[in-house]
Amino acid sequence: MDDVMEDDFDYQITKALYKQCQPQCVLILNGAPDPFITSVKKSIARDLAEDNQSLPSTSTGVTRMVQPVLKILPKNENNYDNCYHRVRCLKLDCEPEDATNADRIIFLNSLLNFKSRTMIHSLGLLLKYLDENWNKLSLTPSGQARYVYINYIFLQDLVMIEDDTYKSLNIMQSRFHPSLFKFGATQNQGNDLYTFLNRCQSRPGAYYLWKLMKHPTRNIKILQERTQAIEFFLDIDNQHVVHNLKSCLNHVHRLTPAILNKYSTAQAKTSDWGKFDTTLVNIITIGEICQQYRDSVGIFAKITDSITEGIHYAHYFIDYIIDFEMSKKQGKFIVKRNVDPELDELNDLRHSLPERLTAKATEELENLPSNVEKCIMVYIPDIQYCLAITEWNGTPPDDEIIPGLEFKFSINNIRYYKSKGARELDQTMGDILLKITRRQSQIMLRLVNYIKKHIGPVLNAIEYCAELDTLLSFATVAVSHNYVKPEMVKSHVINIKKGRHPLSELKKDFVANDTQSGGGSSLVKIFTGPNACGKTIYLKQVALIVYMAHIGCYVPAETAKIGVVTHILTQMPTMESIAQNASAFLIDLRQTNSLLYSSTPNSLIIMDEFGKGTSETDSLALLTSILKSFISRGNYCPHILCATHIHRVIELLPKTPILQSMTFDYVLDEDNSLVFLYELISGNVTCSFAHATAISVGLAENVVLHAIKTFMSIKKDKLPPCSPDEDRANVVKHIAELANEQKYQIDMQEFKQWILQAINRK
C-alpha cells in the first residue's frame, strides 16, 4: 500500500488495513511508537476474542482459521537500505523470461512505487522474514518461496467504519465468515446484512463479498460500474445471460495457498485436478459469455481481458493429458493414450505382459526337473520377474535348491526362483511399472511447471469471476425485495424517499420513512418519542442504506440520492462492549470522542441514547455541549441523527436551520395504551410514556401504579408518598440520630413521648 499519513489518535488507517487484510502474522519493527503497537495489539486481541467466541471446530477439534500472531523484529538488522536491496532482488513468476538484471529493475519499477519509502521498507522486511523462516512455513522447506504476483491495497477511497459500528448496525458477524461454514448450507438470511446479501453461487464469490463489505468505497466511478452491472442483470432481456453465468459460477472453485502447494509439489489428488480443470472450463465459458457484452458492463470487459492464452492452453493440456476416469478408478495420476509415444509403448508392454509371461513359463517348464508339475512366470514390483513353482508330482522335496535356479522365497507352499528366463525378462523389459510411474511423473512435472507459469492469470480471472458473482448476488436481492439504484453524488446531501430497514422489513410489516439531510435541509436531527416507537430502527435504517450505497448495492427505498461520506460513525453500545471492561457511560464517552475527533463534513453520525449510564442532568449537559460543538461548524457540520429521551436538550440548543426536532407518530387510547404508527413527523414530545410501555409488555399493575404516583409527585416537586410503616421507621431513625448528637440535651421522658408519637403516627 502506498504511503499515507496516519493519525496518532485513533490509528484508523492501521485498523482499516488490518481489517482489510485479515493477516495471520503481523510484523513490526522494534522502536515503533507505543500507541501504534498498542493499536495493532488491540486489533489482534479482538480477532482472537472473536475466534474464541464464534469459531466452530472441526471433527478433529482444530479451529478452521489460523489465529493471528504479532512479531516484533530487531530494528538494526532490518534498516531501510537492507530492505530496499532485498526488494530489488525480488523475483516474480510473472516477470519476463530471460530478463537481464536491468530489465528486472524496470519491471519492478512498473509494479512498485519506490518513492513510497515506508512501503518499500515494509515489503523488504516481509521478504527478509520469509527468507529466514521459509523452512518453518512451507510444506517443502528445501525449496524457496515463490512469488506469484504483488497485490496492491488501496485505502484512499475507503469509507472509514469502526468495528463497533459494524456490530451495532449488524452488518456482518465473524461467525458467518465463509471459512466457518459449509458453503451452500442453509442460513438464516435475517441474521446480518452479509448473510442476507450472500446469494453467491461460488465460494470465491462469498469471499469476495466479505472483502467488499469490509471495504465500502467513496469512488463514484467504481460504484457506478457496480450499479451499471446490476442494472444489466435486472433487465428482463438479459435473464438468459444471468442464468448461464450463474450455472458457470456454481462450478468455479477457490484455489487456496494449500491447494496451490499441492499442485506445485505433485501431491494433488485426481479430485483436485478435476476441480481445477472444471474451474478453468467455466471461467473460459464465462469469458466467452462476457465477450458478447463487454461494452455493456465494465466487469465483463475485465473478465474477457483476463482470459489469457495461457489459461486456454492450461485447460487444453489438463484435458489432453489426464485420464480422469482411470485416475479415479486407480486412485493415482494416469496419462491418456497418444500423449507420449514412449509411455504408450511401456503400457503396451504391460498389457502384453501376461502373454509373454505365460510363454516364458512354458519354455522354462521344459528345462525343470521331472517332479515339477506346473510353474508360472510372475512379475513382482521391485523384485521384477520370478519363476513360481505351483504344483509338484508327489510331495515337494525338502531341499529348496534346484540346479540352474536361484531360490528367492516361499509363500503358501509356492517357491519363487530366479531363472534364466526371468533374468532375460529383467534385462529386456525391466521393472515395467516403475518405468511407467517414472514416465508419468515426468509428464506430470512438465504439466505442473506449465501450470505454475500461468497460475497468476488464473487467480486473477477467478478474482474477477468472484466480483461478478457478488454483483449477481446484489441483483438477486434487488429484484427479490424491490430495491432501487441509488444516485451517488459528491454534494453534501442524503435524500431518501420511503426508505426501509433491509433486515427488519423481513420480519414484519414495515412503515417506510423519508430522510432529508443537507441540500437545504437540516443537518442535525434530534429524534424524541415514546419508548419502542422505532427511533433506533430508523437510525440504523438510514446508516445501512448509506452503507449499501457505498458498496455498490441497490437500496431499500423508492428513490435515494446520497452524497459520498468519509465516515459512518456511531455512538451505539453493543453486547460485545461488555468485554471492554468499561461501564456503559465510559463506552458512550469513548465512542463520542471518536465522533468529535474523526468526523468530517461528509461524515454520517448516529447517536442513540447518549448518557443512559449516568444522571439525566449530567447527560443533558454533555449532550447539549456535544451537539453545540457540531452545530458551531455551520455548513461544515456532518450529517447527525440523534435519538434521545432527554427532551430538554432541544430547549437548550440554539434555534438554527441546521437543527430540526422530529418524532414518531402515535395514538394514546382511552385506557392509556399506546398504539405506535411508526411514521416520522416534525416536532418533539415531552414524555417518553414509559408507564404505558410498561403496561403494554405486561409489567405488574401494582408496580406500574406505584411508579405513576411517584412520577406525579416528583413532577410537582414533592416527595413521593411513603407507606405508614416506612414513614414511622424514618421518624424513629431521625429521633435516634438527634439523641446521639451531644448538642441536644434531651430529657428521657420527653424522648419516650416522641417515640410514642412516632409509633402512633398516622
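Suppose the filter is under 24 Å from V511 (Cβ atoms) and at pLDDT below 90; does E616 pass it? Criteria not met by E616. Do the conditions hold for I606, that is, is it in a helix (DSSP H, G or I) and either among the small types (G, A, S) or in contact with a Ser or Thr (Cβ under 8 Å, 6 or more places away or on another chain) (or both)? No: the conditions fail for I606.
Taken over segment 223-250, the criterion of being more than 23 Å from A549 (Cβ to Cβ), buried (at least 16 other Cβ atoms within 10 Å of the Cβ) and under 21 Å from the mean Cα position of the chain (by Cα) is satisfied by L249 alone. For segment 662-711, a residue qualifies if it is out of contact with any strand residue (DSSP E or B) (no Cβ under 9 Å at 6 or more places or on another chain), β-branched (V, I, T) and without any contact (Cβ under 8 Å) to a residue 12 or more places away in the chain, and the qualifying residues are V697, V703, T710.
Looking only at segment 121-160, which residues are farther than 19 Å from P23 by Cβ and either touching a Phe, Trp or Tyr at 6+ places or on another chain (Cβ under 9 Å) or assigned to a loop (DSSP other than H, G, I, E, B) (or both)? Selection gives L139, T140, P141, S142, G143, Q144, R146, Q156, D157, V159. The residue of segment 621-646 that is surrounded by the most Cβ atoms within 10 Å (Cβ to Cβ), among those that are in a helix (DSSP H, G or I) and not hydrophobic (A, V, I, L, M, F, W, C), is T624. There is at least one residue in segment 647-656 that is assigned to a loop (DSSP other than H, G, I, E, B) and under 42 Å from the mean Cα position of the chain (by Cα). Would you confirm whether or not segment 288-302 contains a residue that is at pLDDT 90 or above and over 30 Å from E231 (Cα atoms)? Scanning segment 288-302 turns up no residue that is at pLDDT 90 or above and over 30 Å from E231 (Cα atoms). Residues that are small (G, A, S), touching a Phe, Trp or Tyr at 6+ places or on another chain (Cβ under 7 Å) and modelled with pLDDT of 85 or more occur in segment 448-458; there is at least one. Residues that are of a type in the set (S, T, N, Q), part of a loop (DSSP other than H, G, I, E, B) and within 39 Å of the chain's Cα centre (by Cα) do not occur anywhere in segment 662-685.
Given the options T308, T256, name the one that is polar (S, T, N, Q), farther than 19 Å from I443 by Cβ and at pLDDT 90 or above. Spell out how you get there, then give the answer.
Numbers: T256 fails: at pLDDT 90 or above.
Among T308, T256, only T308 is polar (S, T, N, Q), farther than 19 Å from I443 by Cβ and at pLDDT 90 or above.
Filtering segment 280-302 for residues that are assigned to a loop (DSSP other than H, G, I, E, B), out of contact with any His (no Cβ under 6 Å at 6 or more places or on another chain) and over 30 Å from D235 (Cβ atoms) leaves an empty set. Scanning segment 111-119 turns up no residue that is over 25 Å from D7 (Cα atoms), more than 29 Å from the chain's Cα centre (by Cα) and charged (D, E, K, R).
Only residues that are among the aliphatic types (A, V, I, L, M) and buried (at least 19 other Cβ atoms within 10 Å of the Cβ): list them for segment 290-330, please.
We begin by selecting, within segment 290-330, every residue among the aliphatic types (A, V, I, L, M); these are 297, 299, 301, 303, 307, 311, 314, 318, 321-322, 326.
Within segment 290-330, V297, I299, I303, I307, I311, A314, I318, I321, I322 qualify.
Checked against (1) surrounded by 12 or more Cβ atoms within 10 Å (Cβ to Cβ); (2) over 18 Å from T428 (Cβ atoms); (3) out of contact with any Ser or Thr (no Cβ under 8 Å at 6 or more places or on another chain), L357 passes all but a single condition, namely (2).
Exactly one residue among L589, L604, L596 is farther than 18 Å from S688 by Cα, aliphatic (A, V, I, L, M) and surrounded by fewer than 15 Cβ atoms within 10 Å (Cβ to Cβ), and that residue is L596.
The values are calculated or read from the model by the stated rules, or taken from the named source; none is laboratory data. For clarity, every value in this text was computed on a predicted model and none was experimentally measured. In this analysis, Cβ positions are derived from the backbone assuming ideal geometry, glycine residues included, and neighbour counts consider all displayed protein chains.
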